[in-house]
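Comments concern the structure below.
The values are calculated or read from the model by the stated rules, or taken from the named source; none is laboratory data. These numbers were taken from a predicted model, which means no experiment stands behind them. Ideal geometry is used to build each Cβ from the backbone, glycine not excepted, and the neighbour counts take in all protein chains shown.
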């Protein structure tokens, strides 16, 4: 049997592509190496746009919590900054398992086929065009007019189809789900920087007064720096031991993942194949997860997959129309900007102390400006104010960055 669309991976991008492709009447098959859709890590902290893409209400069971404040703080000095209800807008904590199951059930209801325990080996090609994939060490295969690589940062589809990843910068993360916590403020989410954390942050997202999601994401800058830091799991356990709210908590779940931080890859489409989600670099490095960007990409790709089927055209030029439209979106613009910013930070960290810079920001930056930066809509007026009101801070950080560029290059 030949399918219209073969999707590899069941993260948010893969599930959304499958859900929307099946809803459009396309013959769809999904391959996932894990045992079930909820085994993969999906980002959690989202705004209204993600809920619209998921087609769920804020008061539904698919939303685990709503925050009225976000606090950034240092684990070492206690310096902090808060974005409260007046600035934050709507910020939600997804129930990721239910959201993944929802997209899966919608796709199945519209005829999509799922094959779990299917570890993809390679794409197959005919006259230079991708025609499907083989999986489970060549024991099985799937033929499809369009193959979708939604299989993460180490995508087999991407690698075997010949896509390149220059300047590939990755963030590695681990997350605990905790129960039996005490005195948790359920309306406030926390981000922490610290010596043990390294280049990245530790987060605490309450699900209720007794339940939280505690995680850490870290970007390696040099091998020696990476190995000098304590393992990320140990950093989370240390946080639990040293904070009264989590000291007696029980770990009821744990998983992890790898997220690209450098922006979109140079090209993510070719004849018969398209990448979606992490494999294409469609992730905002500011928030780390990129649920919204991945859901948007999956929806857009399904629209173009329907066009390709109707026109019976899966040529390189036809598939590229999806990439061209995605690159022209505001979300893609934000991804590229934050990717460049992340590269700047990583270079700075090679020869300077990133924690010192973080402490400066926590001491000097106001909540309104922080909110603009996090939400990705910083204005020209704000940029000008940063260069006047906070010139010493900008100069100190910028001087360290220029020093890094002089040694490692742009």
Please specify each residue of region 155-169 satisfying the condition of being farther than 14 Å from residue 32 by Cα and crowded, with 18+ Cβ neighbours inside 10 Å.
-> 158, 160, 161, 163, 165, 169
Out of curiosity, is residue 43 surrounded by 15 or more Cβ atoms within 10 Å (Cβ to Cβ) and assigned to a loop (DSSP other than H, G, I, E, B)?
-> yes
Name, by its number, the condition in (1) without any contact (Cβ under 8 Å) to a residue 40 or more places away in the chain; (2) part of a strand (DSSP E or B) that does not hold for residue 257.
-> (1)
Kindly establish whether residue 275 is over 18 Å from residue 173 (Cβ atoms), over 11 Å from the mean Cα position of the chain (by Cα), surrounded by fewer than 24 Cβ atoms within 10 Å (Cβ to Cβ) and at pLDDT 90 or above.
-> no
Restricted to region 166-182 and to residues being part of a loop (DSSP other than H, G, I, E, B) and in contact with a strand residue (DSSP E or B) (Cβ under 8 Å, 6 or more places away or on another chain), the residue nearest to residue 215 (Cα to Cα) is 181
Sole miss for residue 305 among (1) out of contact with any helix residue (DSSP H, G or I) (no Cβ under 8 Å at 6 or more places or on another chain); (2) modelled with pLDDT of 95 or more; (3) within 21 Å of residue 160 (Cβ to Cβ) is condition (1)
Failed condition for residue 195, given (1) at pLDDT below 95; (2) surrounded by 14 or more Cβ atoms within 10 Å (Cβ to Cβ) = (2)
If you go through region 209-230, how many residues are farther than 14 Å from residue 175 by Cβ, modelled with pLDDT under 95 and touching a strand residue (DSSP E or B) at 6+ places or on another chain (Cβ under 9 Å)?
-> 4
Just to be sure, is residue 255 in the same structural domain as residue 90 (by TED's automatic domain parsing) and modelled with pLDDT of 95 or more?
-> no
Considering (1) surrounded by fewer than 24 Cβ atoms within 10 Å (Cβ to Cβ); (2) farther than 19 Å from residue 46 by Cα, say which one residue 256 fails and leave the rest.
-> (2)
Determine, yes or no, whether residue 247 is assigned by TED's automatic domain parsing to the domain that holds residue 75, more than 30 Å from residue 119 (Cα to Cα) and surrounded by fewer than 15 Cβ atoms within 10 Å (Cβ to Cβ).
-> yes
Within region 27-52, track down each residue that is at pLDDT 95 or above and touching a helix residue (DSSP H, G or I) at 6+ places or on another chain (Cβ under 6 Å).
-> 28, 30
Flag if residue 331 is modelled with pLDDT under 95, within 21 Å of residue 296 (Cα to Cα) and either within 21 Å of the chain's Cα centre (by Cα) or not assigned by TED's automatic domain parsing to the domain that holds residue 130 (or both) | yes
Enumerate the strands (runs of 3 or more DSSP E) found wholly within region 78-154, keeping only those where 1 or more residues are over 22 Å from the mean Cα position of the chain (by Cα), surrounded by fewer than 20 Cβ atoms within 10 Å (Cβ to Cβ) and free of Cβ contacts under 8 Å to residues at least 24 places away in the same chain.
-> 120-126, 129-135, 140-149
Output the number of the condition that residue 72 fails; it satisfies all remaining conditions of (1) crowded, with 16+ Cβ neighbours inside 10 Å; (2) under 21 Å from the mean Cα position of the chain (by Cα); (3) part of a helix (DSSP H, G or I).
-> (3)
Subset of region 260-272, residues outside any loop (DSSP other than H, G, I, E, B) and either crowded, with 24+ Cβ neighbours inside 10 Å or free of Cβ contacts under 8 Å to residues at least 40 places away in the same chain (or both), comes to 260, 269
